[in-house]
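Chemist: The structure's right below; bear with me while I get my questions together.
Read-outs: derived from the displayed coordinates by stated rules, not from any lab. Values in this document were obtained by computation on a predicted structure and should not be read as measured data. Cβ placement follows ideal geometry from the backbone for every residue including glycine, while neighbour counts extend to all protein chains displayed.
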Amino acid sequence: MMWRRAAGGFHRRQGRPGLAASWPISFHTFGELCLSPVGLSNVTKLAPPKFVSRMMGTWFLGTAIGNTIAGLVGGHIRVAQAPASCHISSWIMTLIGGGAGVFIMLLRAAAAQLDWRQQMSSV
């Protein structure tokens, strides 16, 4: 939602300049800086002592894969020539993120249903 609003801010309204394009990136960066220490702390607390280093490596591998995918997707998006194309690109990214969220919720529901069936069969 934030990205869509940022893209809408590129339009000039009533002769005033639009919103700066860098503020969503700074929110994302700040969020990532807040998430990483908390996530690594939880990984070290929750992982068995024998596997702490492996789990931290998995955390960093996940971050690396996410950054690689973001770079590949960003490389295929052209520099917007007009504000309308930037608005369309932000809608596409919003729909991709929303679709991924719905997909994960469906997977979670399916996993919970499968777990429930396994618990009932063992009784």
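Chemist: With 10 angstrom as the radius, rank 73, 38 by how many other C-beta atoms surround their C-beta, starting from the fewest.
Modeler: Numbers: 73 12, 38 9.
Ranked by crowding around the Cβ, least crowded first: 38, 73.
Chemist: Using the number of other C-beta atoms within 10 angstrom as an exposure proxy, rank 28, 76 with the fewest first.
Modeler: Numbers: 28 13, 76 7.
Ordered by Cβ neighbours within 10 Å, fewest first: 76, 28.
Chemist: Oh, and also: Got a sec? How would 91, 59, 116 order by Cβ neighbour count within 10 Å, fewest to most? Intermediate results must be reported in sequence, preceding the final value.
Modeler: On the way: 91 13, 59 17, 116 10.
Lowest count first: 116, 91, 59.
Chemist: Still on this model: For residue 25 and residue 63, FRET efficiency with R0 = 22 Å and r from the beta-carbon atoms, rounded to 0.05? Mind dumping the intermediate values first?
Modeler: Values: r = 17 Å, r/R0 = 0.77.
Working from the Cβ atoms, E equals 0.85.
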